[in-house]
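Everything on this sheet refers to the single structure shown next.
The values are calculated or read from the model by the stated rules, or taken from the named source; none is laboratory data. Quantities reported herein were computed from a predicted structural model and do not represent experimental measurements. Every residue, glycine among them, receives a Cβ derived from its backbone with ideal geometry; neighbour counts consider all protein chains shown.
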Amino acid sequence: MQHSILIIDDERSIRSVLKDILTNEGYKVEEAVDGEEGLAQFAKSNFDVVICDIKMPKMDGIEFLLKANELNSDIPIIILSGHGNIETAVEAVKKGAFDFISKPPDLNRLLITIRNALDKTVLVKETKVLKRKVHRIDEMIGESKAINHIKETIEKVAPTDARILITGDNGSGKELVAKWVHEKSNRNNAPLIEVNCAAIPSELIESELFGHEKGSFTSAIKQRIGKFEQASGGTLFLDEIGDMSLDAQAKVLRALQEGKITRVGGEKEINVDVRVIAATNKNLLEEVDEKKFRLDLYHRLSVIKIHVPSLNERVDDIPLLVEKFLTDIAADYGQSKKIIDEEAIKQLQQHNWTGNIRELRNVIERLVILSGKSITAKDVKTFL
């Protein structure tokens with residue numbers, strides 16, 4: 001990735017020398033003749049580092065620093081100062097400058113400072129992305145009748161301990177519903193533990209859910225705590241429960257009835273206080289008729305039923321979803337948010353979304369990467 005640097009200095013010779021040096025080092029370099037022009041460029045482009053002189057006409061370096069930090073305080077600004085401006089340069093650092101370098105700049109010192117500034121930029125971006133991933137629970141986007149009904153249902157049932165069965169196609173947002181139920185429940189200070197029943201081999205699902213004792217089977221080299229125990233006091237989300245084996249279903253039923261589990265290979269009963277939310281893309285009553293799912297477990301799980309509609313059933317929500325994804329992707333990439341025109345939105349609304357919300361999110365990310373300054377209907381036709 002080529003890093004971009006903005007040089008702001010009213011001395012053409014300084015700008016030329018710095019540009020030549022930094023271009024040879026592999027950086028993309030832009031120039032501005034004073035703070036006013038520099039601020040205009042700063043506002044419309046994503047620079048990784050700014051090098052700015054202090055003494056300039058129209059807008060000096062200190063004024064630029066203060067206004068630039070208001071726009072984006074994450075971009076490091078290195079101040080260039082003449083010998084008579086050292087006190088001012090130190091003051092600039094106190095006001096948020098990354099560092100200052102005396103004129104004429106020492107090449108080695110300048111390059112090291114730029115590398116340190118870039119390290120800071122990368123670290124800030126990575127930290128922000130990680131914080132969003134750890135702390136962010138995506139909003140439930142949409143104003144369609146079905147989505148508003150789901151929101152109203154969550155508000156009513158979340159504070160209770162009622163078990164919930166969430167149905168809907170793959171990628172429609174069942175996991176998001178489960179997260180919001182937990183977030184709005186009285187258990188939100190305890191963990192939400194997720195288990196994808198379809199992703200775990202049938203011979204391992206019992207160990208995954210209930211844990212096992214050391215030596216209970218060949219690869220059980222130490223004791224393992226299962227998901228039920230990990231979720232005690234909180235919520236256990238059993239995703240794609242329709243793929244769970246009948247043997248595991250029987251043990252889950254017992255755990256729900258008695259509030260107790262026994263680890264694989266163990267004899268001791270362990271009390272667990274868990275709210276269970278289950279989700280499936282299958283018709284469980286049809287699975288019951290085919291002897292693939294227990295009717296008694298179905299009734300235990302489906303105290304409250306929430307159906308999440310497919311994206312094709314809620315195309316009026318696509319503009320809102322697209323705006324949300326554009327905002328999130330811009331934040332994750334550390335870029336300005338791209339705009340999308342109305343014709344492009346109409347193209348998206350006419351598409352058959354077999355992969356639902358997940359597919360739409362992936363398509364928007366692809367469009368952000370491959371399109372120009374804005375996303376057009378032509379882009380949608382080309383890259384969808």
If you check every pair at least six apart or on different chains, which have Cβ atoms under 6 Å apart with a residue in segment 180-202 that is touching a residue at least 24 places away in the same chain (Cβ under 8 Å) and under 11 Å from residue 238 (Cβ atoms) first and a residue that is part of a helix (DSSP H, G or I) and of a type in the set (S, T, N, Q) second?
193/230
Matching entry among 66, 107, 22, 80 (being farther than 20 Å from residue 336 by Cα, of a type outside the set (D, E, K, R), surrounded by fewer than 14 Cβ atoms within 10 Å (Cβ to Cβ) and in contact (Cβ under 8 Å) with a residue 40 or more places away in the chain):
107
Given the conditions (1) modelled with pLDDT of 85 or more; (2) closer than 15 Å to residue 11 by Cβ; (3) in contact with a helix residue (DSSP H, G or I) (Cβ under 6 Å, 6 or more places away or on another chain), and given that residue 33 satisfies all but one, which numbered condition is not satisfied?
(3)
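For segment 339-372, how many residues meet the condition of being among the β-branched types (Val, Ile, Thr) and over 15 Å from residue 326 (Cβ atoms)? Write out each step before concluding.
We begin by selecting, within segment 339-372, every residue among the β-branched types (Val, Ile, Thr); these are 339-340, 345, 354, 357, 363-364, 368-369.
Then keep just the ones that are over 15 Å from residue 326 (Cβ atoms); that gives 354.
Qualifying residue count for the region: 1.
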For segment 360-375, how many residues meet the condition of being closer than 17 Å to residue 319 by Cβ and surrounded by fewer than 16 Cβ atoms within 10 Å (Cβ to Cβ)?
1
Residue that is nearest to residue 110 (Cα to Cα), among those in segment 76-95 that are touching a Ser or Thr at 6+ places or on another chain (Cβ under 7 Å) and modelled with pLDDT of 80 or more
78
Take segment 312-336 and flag every residue that is of a type in the set (D, E, K, R) and over 16 Å from residue 141 (Cβ atoms).
332
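Just to verify a result, which residue in segment 346-359, among those that are over 23 Å from the mean Cα position of the chain (by Cα) and not polar (S, T, N, Q), is surrounded by the most Cβ atoms within 10 Å (Cβ to Cβ)?
Filtering segment 346-359 down to residues over 23 Å from the mean Cα position of the chain (by Cα) leaves 346-347, 349-352.
Okay, now just the ones that are also not polar (S, T, N, Q), so 346, 351.
Values: 346: 13, 351: 16.
Going through the qualifying residues, I end up with 351.
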The one condition residue 271 fails out of (1) closer than 30 Å to residue 225 by Cβ; (2) surrounded by 13 or more Cβ atoms within 10 Å (Cβ to Cβ) is (2)
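Is it true that residue 44 is surrounded by 15 or more Cβ atoms within 10 Å (Cβ to Cβ) and more than 20 Å from residue 120 (Cα to Cα)? Quick ask: steps written out before the conclusion?
Working: surrounded by 15 or more Cβ atoms within 10 Å (Cβ to Cβ): no; more than 20 Å from residue 120 (Cα to Cα): yes.
When the stated conditions are applied, residue 44 does not pass them.
Take the residues in segment 283-311 that are of a type in the set (Lys, Arg) and surrounded by 15 or more Cβ atoms within 10 Å (Cβ to Cβ); name whichever of them is nearest to residue 140 (Cα to Cα). Outline the logic, then answer.
Initially, segment 283-311 is screened for residues of a type in the set (Lys, Arg), giving 291-292, 294, 300, 305.
In the following step, the residues that additionally are surrounded by 15 or more Cβ atoms within 10 Å (Cβ to Cβ) were identified as 292, 294, 300.
Details: 292: 32, 294: 32, 300: 27 Å.
The residue in question is 300.
Could you tell me whether segment 294-309 includes any residue that is assigned to a loop (DSSP other than H, G, I, E, B), more than 30 Å from residue 46 (Cα to Cα) and among the basic types (Lys, Arg)?
At the first step, the residues of segment 294-309 found to be assigned to a loop (DSSP other than H, G, I, E, B) are 294, 302-303, 308-309.
In the following step, the residues that additionally are more than 30 Å from residue 46 (Cα to Cα) were identified as 294, 302-303, 308-309.
Restricting the remaining residues to those that are among the basic types (Lys, Arg) gives 294.
The answer is yes, given that some residue of segment 294-309 is assigned to a loop (DSSP other than H, G, I, E, B), more than 30 Å from residue 46 (Cα to Cα) and among the basic types (Lys, Arg).
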Where residue 334 falls short, out of the listed (1) touching a residue at least 24 places away in the same chain (Cβ under 8 Å); (2) in contact with a helix residue (DSSP H, G or I) (Cβ under 6 Å, 6 or more places away or on another chain); (3) on the phi < 0 side of the Ramachandran plot; (4) not acidic (Asp, Glu)
(3)
